[in-house]
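Structure first, then comments.
No value in this document is a laboratory result; all are computed from the given coordinates. What you see is a predicted model, and the numbers here were worked out from it, not measured in a lab. Here Cβ is always computed from backbone atoms with ideal geometry, including for glycine, and neighbour counts include all displayed protein chains.
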Amino acid sequence: MSGVDILLVADPRFSGGSSTALITDAEAFVNLGMTVGLMLVTSSFFTDPTDGANPKVLALLDQPGVTPIKSESAITAKTAFFHHPLPFYHGLPEQARVSADQVVLVVHHPPFRGDGSMEYNPVQTQTTIARQFGHRPLWSPVSGAIRSQLRSFAPFIRLTNADWVNAFDVGGWTPSRTIFQDNLATVGRHGRPDPLKWPDRATDIDASLNLGDGWQTRIMGCPNDLISGQDSPSADWEVLGFNAEPVDHFLNTLDLFSYFYSDLWFEAFGRTVTEAMLMERPCVLDTRLRDTFGDLAQYCTPDEVAAVANRLRENPTETRNRATRVKAQIVTRYGTQAIADRLLALGTDHGTVSRNGATFATPMQTIRKGIGLMRRRRAGIER
């Protein structure tokens, strides 16, 4: 039976923030002198044959300090992290005998969608992990917004007392261009090209990114059908493919980051927003992100973005100084330098089954939504 300090179990086909968080955690553990085992699984959550493995996740297997762990093996670890609940809810062929002091499921995705329907059942998810890997995990959300949803399933799942937030290697985020120094300012956003990451209405897309005279728009990562029509609001945008530029280089070209999304989407954390803050870019955000970022950003509706943006531009010195202060707070909250202390605290965290605090659904509502999910799955309906 081989042994490591940290075991990471994940499906490598995620392309967005959850994979980036996995990579950052792995690199931070290695930099702390820990041995890391990486077990890659193949969940039926991904049904499109074109969904290939994220090359950056695969690259971890070649890093010193990271050991590939095959399924059907026996492995010991001080702490085992299972990343993202959806692969385990949908089922996977891999299994292993895991012996660990603590097993944690890092919850990058909420169980309920933006419309209130249930997308996965945490109780069934932990049953799968227990059956195939031998442990019922502690559930560790990446944000307070997900925590409030998970409380709906207490006492049947046990949550860590602290969130396992996304971590960032903050040393690589250094802006080289001062915002609002040119006659033409640039507004933009970046992220994976998922339609749910965009507002449902073309008028809201237009209002959030077309800010009028003195502004240009630059985006990286956009669904093809959003920009295919001649009347698309993106007709005058500079549109780059997903990850066409290094994220920090892209953000360095912006003066303002504007992010709004579908009514059906529940933003679990907002890694792209945090990246913009690390690059000292002021952020104008969907009001639903207030619980995550608090006073670190501006919040409004899409049709108010232009007014908010122009107020920020009219006071460039104040806006720059505030962006610098915001970055300092982000570094403290999410920098990889805090992972050692977070891991130490996790080692003595026995979890909680309390429903005290904000809760997304009552027990009866949770049961009804769970029955609805079961019926949809039996009928082969995703939504």
> Semi-axes of region 314-383's equivalent ellipsoid from the Cα gyration tensor, sqrt of 5 times each eigenvalue, largest first, rounded to whole Å?
Replying inline: 40, 24, 14
> Size of region 170-334 along its principal axes in angstrom, Cα-based, largest extent first?
Replying inline: 41, 36, 29
> Mind ordering 262-269, 315-322 by average Cβ neighbours within 10 Å, highest first?
Replying inline: 262-269, 315-322
>> So if I take the alpha carbon set of region 1-87, get Rg, then get Rh from the Kirkwood formula, what is the Rg over Rh ratio?
In response: 0.95
>> Taking amide H atoms as placed 1.01 Å from N in the peptide plane, list the residues 5 or more away in sequence, or in a different chain, whose amide H sits under 5 Å from that of Gly351.
In response: Asn161
> Just how far, in whole angstrom, is region 236-315 from region 1-71 if you go by their alpha carbon centroids?
Replying inline: 28 Å
> Peptides 146-158, 180-192, 56-68, 270-282: what's the order by average Cβ count within 10 Å, highest mean first?
Replying inline: 270-282, 146-158, 180-192, 56-68
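Quick one: Leu7, Leu92, fewest Cβ neighbours within 10 Å first, how do they rank?
On the way: Leu7 27, Leu92 18.
By the 10 Å Cβ count, ascending, the order reads Leu92, Leu7.
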> Once phi is turned into ³J(HN,Hα) by the Karplus curve 6.51 cos²θ - 1.76 cosθ + 1.60 with θ = phi - 60°, what whole-Hz value does each residue of region 318-329 show in order, with x for glycine and proline?
Replying inline: 4, 5, 5, 4, 5, 4, 5, 5, 4, 4, 4, 5
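Dividing the convex hull volume of the Cα atoms of the chain by its residue count, what figure in Å³ per residue is obtained?
Numbers: hull volume 53.7 nm³, N = 383.
It comes to 140 Å³ per residue, whole-number rounded.
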> Once amide H atoms are placed 1.01 Å from N in the peptide plane, what residues at a sequence separation of 5 or more from Val103, or on another chain, have their amide H within under 5 Å of its amide H?
Replying inline: Ala80, Leu138
> For the chain, what does -39500 (n - 2.57) per DSSP helix run (n ≥ 4), summed and divided by total residues, give at 222 nm, in deg cm²/dmol to the nearest 500?
Replying inline: -9500 deg cm²/dmol
>> Going by amide H atoms built from the backbone, whose H comes under 5 Å of the H on Leu8, apart from near neighbours?
In response: Gly37, Leu38, Met39, Phe81
> With contacts defined as alpha carbon pairs under 8 Å and 6 or more residues apart, what's the relative contact order of region 170-334 in percent?
Replying inline: 27 percent
> Which ³J(HN,Hα) values in Hz, rounded to whole numbers, follow from the phi angles of region 168-184 under the Karplus curve 6.51 cos²θ - 1.76 cosθ + 1.60, where θ = phi - 60° and Gly and Pro get x?
Replying inline: 9, 7, 6, x, x, 10, 10, x, 10, 10, 7, 6, 6, 10, 10, 5, 10
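Compute the convex hull volume of the Cα atoms of region 52-189, divide it by the residue count, and report the result per residue in Å³ as a whole number. Display every interim value, and only then the final one.
Details: hull volume 26.6 nm³, N = 138.
Hull volume over Cα atoms, normalised by residue count, gives 193 Å³.
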>> Run the reach check for Lys78 against aspartates and glutamates, Cα to Cα strictly under 13 Å, same-chain hits fewer than 8 apart removed. What comes back?
In response: Asp5, Asp101
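I need the GluC sites (Glu not before Pro) found in region 70-173, filtered to DSSP loop residues with at most 13 other beta carbons within 10 Å of theirs. Provide the component values of the computation, followed by the final result.
Details: sites: Glu72, Glu94, Glu119; in loops: Glu72, Glu94, Glu119.
When the GluC sites (Glu not before Pro) of region 70-173 are filtered for loop state and at most 13 Cβ neighbours within 10 Å, Glu72 remain.
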> Say each of Asp303 and Thr50 gets a label point 7 Å from the Cα, pointing the same way as Cα to Cβ; how far apart are those two points in nm?
Replying inline: 3.6 nm
